[in-house]
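This report concerns only the one structure given below.
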Amino acid sequence: QVRIVESGGGLVQPGGSLNLSCVVSGSRFSISRMGWYRQAPGKQRDVVARITSGGETYNIDSVKGRFTISRDNAKNTVYLQMNSLKPEDTAVYYCNVVSGGTGYWGQGTQVTVSS
């Protein structure tokens with residue numbers, strides 16, 4: 001059974017930084033794509049950044065230059081380094097991984113950017 005554990009969320013002031021981590025365990029197959037999504041109150045869940053097993057990355061325009069996604073394949077872990085955080089980044093951030101053709105979600109971690 002695939003288990004996903006996210007950590008690193010919290011409350012931060014505008015301009016601050018957070019580093020989210022997502023550890024995956026229990027997968028019988030190799031993990032292909034890993035990514036971070038976010039969902040603000042009253043809005044749909046949308047992609048923030050994704051990374052392939054080969055290290056190719058995709059970021060939405062609003063986080064380019066501020067957020068960096070990376071992964072450690074040996075540890076089955078994906079990270080999201082978030083710098084220069086803005087109030088509009090406030091959301092629940094979810095980790096998503098694809099393994100054996102199936103997508104799996106974490107439970108989410110709250111990120112709040114407020115003074």
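Computed from the coordinates by the stated procedures, all read-outs in this text should not be read as laboratory data. It should be emphasised that the depicted structure is a prediction, and the values quoted were computed from it without experimental measurement. Positions of Cβ are backbone-derived with ideal geometry, glycine not excepted, and every protein chain shown enters the neighbour counts.
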Next item on the list: Based on the mean of other Cβ atoms within 10 Å per residue, sort peptides 62-68, 18-24, 47-53 so the most packed one is first.
Entry: 18-24, 47-53, 62-68
Notebook entry, point to check: Got the relative contact order for the chain handy, in percent, Cα pairs under 8 Å and 6 or more residues apart?
Noted result: 36
Margin query: Rounded to the nearest 20 debye, what is the charge dipole size of region 14-115 about its Cα centre when +1 sits on each Lys and Arg Cβ and -1 on each Asp and Glu Cβ?
Written below: 140
Checklist line | Hypothetical label at A40: residues of region 55-93 whose amide nitrogen lies under 15 Å (7 Å Cα-Cβ projection) | finding: 60-64, 85-93
Check: Over the alpha carbons of region 57-115, what is the largest minus smallest coordinate on each principal axis, giving the biggest first in Å?
Finding: 41, 23, 20
Checklist line | Two-site label geometry, N83 and R66: point separation in nm, points 7 Å out along Cα→Cβ | finding: 1.3
Next item on the list: Quote the charge dipole size of region 57-106 about the Cα centre in Debye, to the nearest 20; the model charges only the Cβ of Lys and Arg (+1) and of Asp and Glu (-1).
Entry: 120
Note to self: Placing unit charges on C-beta atoms (Lys and Arg positive, Asp and Glu negative, everything else neutral), compute the dipole magnitude of region 37-77 about its Cα centre in debye, rounded to 20.
What the structure shows: 140
